[in-house]
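Asks: Got a structure for you, written out below as structure tokens; questions coming shortly.
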Amino acid sequence: MSPISRGFHRRHEPDADPSRVPPGQYVTADFPVLSAGPTPRTALKDWTFSITGAATPKTWTWDEFQALPSEKVTTDIHCVTRWSKLDTTWQGVTLDTLLGQVDHTGTFLLAHCDGGYTTNLPIADVLGGQAWVAYNYGGNPLAAEHGGPARLLVPHLYFWKSAKWVRRLELLDHDVPGFWESYGYNNYGDPWKEQRYAGD
């Protein structure tokens, strides 16, 4: 994994409500940048987002994706490297909206991203207003170093599940470990249960 961004100084926020901070985490005002490789930069005119593995697969261009109904969401995020950031603000399209546009019987999905990164999620964990494909952070277009132009946002799980630079969701009838899961990270990643690594 490449180094943490220079702007990250482990500034703790002492006034954080402890009921919002999972075990083993500390709250920071920073937004660290951690990636498994170089930052992809895709021109919006070339960007597409697809859902495959469905009876009716679907692909959107950037303009078509922007035309979908979107939501603004304020949420806390928790990284497996032990930092948490509270009250982050995003805008994106819910996976309820996206998966509602395809005919499928999938029970799992595998997110595919620019740079070859993948991560796996149960379908049950991305429906019911639990997950988004986000393209705006803090009122601005999502920066490339934070996963722009669009990333998954699944805030109830450790942040590696909120895959950066997401381009495709593959719907499956069985679970397939993603990149970090194949290297020993926990297959599910619940921060409240400290599911950081396999066996946790």
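Asks: Over the chain, what is the percentage of antiparallel beta bridges among all DSSP beta bridges, to the nearest 5?
Replies: 85 percent
Asks: Most exposed first by the Cβ proxy, i.e. fewest other Cβ within 10 Å, how do LEU34, LEU109 rank?
Replies: LEU34, LEU109
Asks: I'd like the antiparallel share, as a percent to the nearest 5, of DSSP beta bridges with both residues in region 12-124.
Replies: Around 90 percent antiparallel, to the nearest 5.
Asks: A further question on this structure: By the scheme Lys and Arg +1, Asp and Glu -1, what is the net charge of all other residues having a beta-carbon under 12 Å from that of ALA134?
Replies: Once all neighbours under 12 Å are counted, the net charge is +2.
Asks: Rank these for me by crowding, SER84, SER19, going from fewest to most other beta carbons within 10 Å.
Replies: Sorted ascending by nearby Cβ count, the order is SER19, SER84.
Asks: Return the long-range amide H neighbours of TYR185 (sequence gap of 5 or more, or a different chain), with a cut-off of under 5 Å between placed amide H atoms.
Replies: Close amide H contacts, sequence-distant or interchain: ALA198.
Asks: How many angstrom lie between the C-alpha centres of region 42-74 and region 152-200?
Replies: After rounding, the separation between the Cα centres reads 21 Å.
Asks: So, one more: Counting other beta carbons within 10 Å of each residue's own, what order do GLU181, GLU71 fall into, fewest first?
Replies: Ordered by Cβ neighbours within 10 Å, fewest first: GLU71, GLU181.
Every number in this text was worked out from the coordinates using simple rules, so none of it is lab data. Quick caveat: nothing in here was measured; it's all calculated off a predicted structure. Methodologically, a virtual Cβ is constructed for each residue, glycine included, from the backbone with ideal geometry; neighbour enumeration extends over all protein chains shown.
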